[in-house]
Amino acid sequence: MAKRVSLSGNEAVAFGMKQINPDVVAAFPITPSTEVPQYFSQFVANGEVDTEFVAVESEHSAMSACIGAAAAGGRVMTATASAGLALMWEMLYVGASMRLPMVLAVTNRALSGPINIHNDHSDTMGARDSGWIQLYGESAQEAYDNLIQAIRIGEHKDVQLPVMVCYDGFITSHAVENLEMLDDEEVKKFVGVKREAPFALIGQDPVSMGPLDLPNHYFEHKRLQAEAMKNAKKVILEIAAEYEKLTGRKYGFFEEYKMEDAEAAIVVINSTAGTAKFVVDNLRAQGKKVGLIKIRVFRPFPAEELAEALKNVKAVAVMDKADSFSAAGGPLFAEVRSAMYGRADGKIVTNYIYGLGGRDVTTTQIEKVYADLFNAIETGKYEVYNYLGVRE
Amino acid sequence: MNNRKMNITPNTTWKETTPGGVILDAGNAEDFKTGDWRAMRPVWHEDKCKHCLLCWVVCPDNSILVEDGKIKGFDYDHCKGCGVCTKQCKFGALDFVPEE
Amino acid sequence: MPNLKELSKKKVRFTGGHRMCAGCGAPMVVNWILKALDDDERAVISNATGCLEVSTCLYPYTSWKDSWVHTAFENAAATCSGTEAAFKALKKKDLLMESISS
């Protein structure tokens, strides 16, 4: 039976890893994800897991060792944040293109520079095209649930891709919340004891992995990789349905909050959704038709489904906790507006870059976003690109 | 040609290729002939050969065939004609001649 | 220490058909390193990016009869440390029935 516990996000993830009992964890500490390998290495030292822990000299080596372990056929997990993820960059692409399932817990933190240890999404948003599946969670509960499901999603025979499980640094990673954990046995049954690798360096016939791939074959391999990401959409929903049966907690590509008759909607990722839901409730109490969509799955991007969910709104504000410096909006905005094109045309779609480097986002600011949207609906006048909470 | 698990050709489609470019047939480079790289060819004179195996030691292309500790001949499908074997032979058992 | 005649009877773990330049010393070195293995052993070879790597494993051909992995230029050892860790873990969990040299 599931048990109620009070844990920080990092503790929930570390305990989830313990229940999964992976073969290899190779990790390097970085604020605010340090606690994950720290707690986990204690489980290893205490003999509470069978995992081999590789204490590496950098995040680049952490991801390299994870790739080597996954290539060997092992079930592999690690954790990082910010500059640590940036140092893994080269290997993120290699791991995904070698079609190796791994699970990487990322506590979202701003990228340098200037150096900043607090939360925004510039780290994982930068890695959005690395070929990894990306799951985002609002709370410790969602980080834990995503972690357990990530193992099954990545290892599915039609997917065979690595998965990032992202949650907000400090806000989610360090705040203690009440959540429900599965029993160890339930997790073991859900994820299985062993990863079924279709090919591996050990335990099967010998293989060569990571060849030189010239113009006459490289494109076909990339196309096959792209298909795996398409397949992941179906698999993510199947695993979510199975997880719901086990836990009663429902997951999809995104959460729709009071969207049924919403005229003005916000699209947001991770913990800010909690703040924004509070605002939605208040505005609803005043009779305003507002709603919210919280993205859970950013890669693969649920473009069609999102356009369907937004087809009846009049105006949408897409909230980006990362700037892409494209001079044409943040990464989530670009995806959402592109998803709506030809499917949900004629809407007002605006972008708010907010919360960079851990700047608090307040209910007042979110109220202003909804007020801007209603003003845009009434007057037809609005700014597409906005910065929220920066001193003007 | 050996029996192989995969049959990848220049016309293989993305649906038929192997994920991540994994190669399932360990050692299948044997199927790729490098013999046509040769401008010069080593010629073995069995009568002068002492079977010291030093030519086999230095061959970069596994092209000197040895059975039961004795030279049996050359694999001209893979020999690139580098001539390293002929250089080290102290018994005049290996000539190095232009390809016809 | 076995003599050359004995070594010549060991199984061939690295094949011709690779694209190293004619006369290159690297394939000889590879051959001789692999002679250190007993015939009943299996190896995993971790290869850094370079001539040897691109010329001996050029899709869809590989010269390596043992398992071989290449990930990037600077991290062959780190990659191999993960493979070794996976081997230990799978062995410990009784999920693997073989010995290996890396």
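The values are calculated or read from the model by the stated rules, or taken from the named source; none is laboratory data. Predicted, not measured: the structure shown is a model, and the values here were computed from it. With ideal geometry, Cβ positions are generated from the backbone for all residues, glycine too; neighbour counts draw on all protein chains shown.
Listed by position, the helices (runs of 4 or more DSSP H) contained in region A:60-174 that have at least 2 residues being among the aliphatic types (A, V, I, L, M) are A:82-97, A:140-155. Scanning region A:39-53 for residues that are β-branched (Val, Ile, Thr) and either crowded, with 24+ Cβ neighbours inside 10 Å or part of a helix (DSSP H, G or I) (or both) yields A:Val44, A:Thr51. Screening A:Asn108 with (1) farther than 17 Å from A:Pro162 by Cα; (2) within 14 Å of another protein chain (Cβ to nearest Cβ); (3) touching a Gly at 6+ places or on another chain (Cβ under 6 Å) gives one miss only, at (2). In the set (1) surrounded by 15 or more Cβ atoms within 10 Å (Cβ to Cβ); (2) more than 7 Å from every other protein chain (Cβ to nearest Cβ); (3) part of a loop (DSSP other than H, G, I, E, B), B:Thr12 fails one condition alone, (2). The one condition from (1) farther than 27 Å from A:Asp205 by Cα; (2) within 11 Å of chain C (Cβ to nearest Cβ); (3) not charged (D, E, K, R) that A:Ala71 does not meet is (1).
Of all residues in region B:37-53, those that are touching a residue at least 60 places away in the same chain (Cβ under 8 Å) and facing chain C (nearest Cβ under 9 Å) have Cβ atoms under 7 Å from Cβ atoms of residues that are among the basic types (Lys, Arg) and surrounded by 16 or more Cβ atoms within 10 Å (Cβ to Cβ), 6 or more apart or on another chain, in B:Arg38/B:Lys80. Residues that are out of contact with any helix residue (DSSP H, G or I) (no Cβ under 8 Å at 6 or more places or on another chain) and either among the charged types (D, E, K, R) or outside the structural domain of A:Gly113 (by TED's automatic domain parsing) (or both) do occur in region A:298-305, at least one of them. Scanning region B:15-36 for residues that are at the interface with chain C (Cβ under 8 Å from one of its Cβ atoms) and without any contact (Cβ under 8 Å) to a residue 24 or more places away in the chain yields B:Thr18, B:Gly21, B:Ile23, B:Asp25, B:Ala26, B:Gly27, B:Ala29, B:Phe32. Starting from residues that are closer than 16 Å to A:Pro101 by Cβ and at the interface with chain B (Cβ under 8 Å from one of its Cβ atoms), keep the ones in region A:217-237 and report whichever is nearest to the chain's Cα centre (by Cα). Out of the qualifying residues, it is A:Ala228.
Being touching a strand residue (DSSP E or B) at 6+ places or on another chain (Cβ under 9 Å), closer than 19 Å to A:Ala150 by Cα and in a loop (DSSP other than H, G, I, E, B) is a condition met by at least one residue of region A:14-31. Reported count of residues in region A:238-252, each being assigned to a helix (DSSP H, G or I), surrounded by fewer than 18 Cβ atoms within 10 Å (Cβ to Cβ) and either at pLDDT below 95 or under 20 Å from the mean Cα position of the chain (by Cα) (or both), is 4. Inspect region A:2-19 for any residue being modelled with pLDDT under 95, over 19 Å from A:Trp89 (Cα atoms), small (Gly, Ala, Ser) and more than 23 Å from the chain's Cα centre (by Cα) and give the result as yes or no. Yes, because at least one residue in region A:2-19 is modelled with pLDDT under 95, over 19 Å from A:Trp89 (Cα atoms), small (Gly, Ala, Ser) and more than 23 Å from the chain's Cα centre (by Cα). Where helices (runs of 4 or more DSSP H) sit wholly within chain C, those with at least 2 residues that are among the charged types (D, E, K, R) and facing another protein chain (nearest Cβ under 9 Å) occupy C:4-7, C:76-92.
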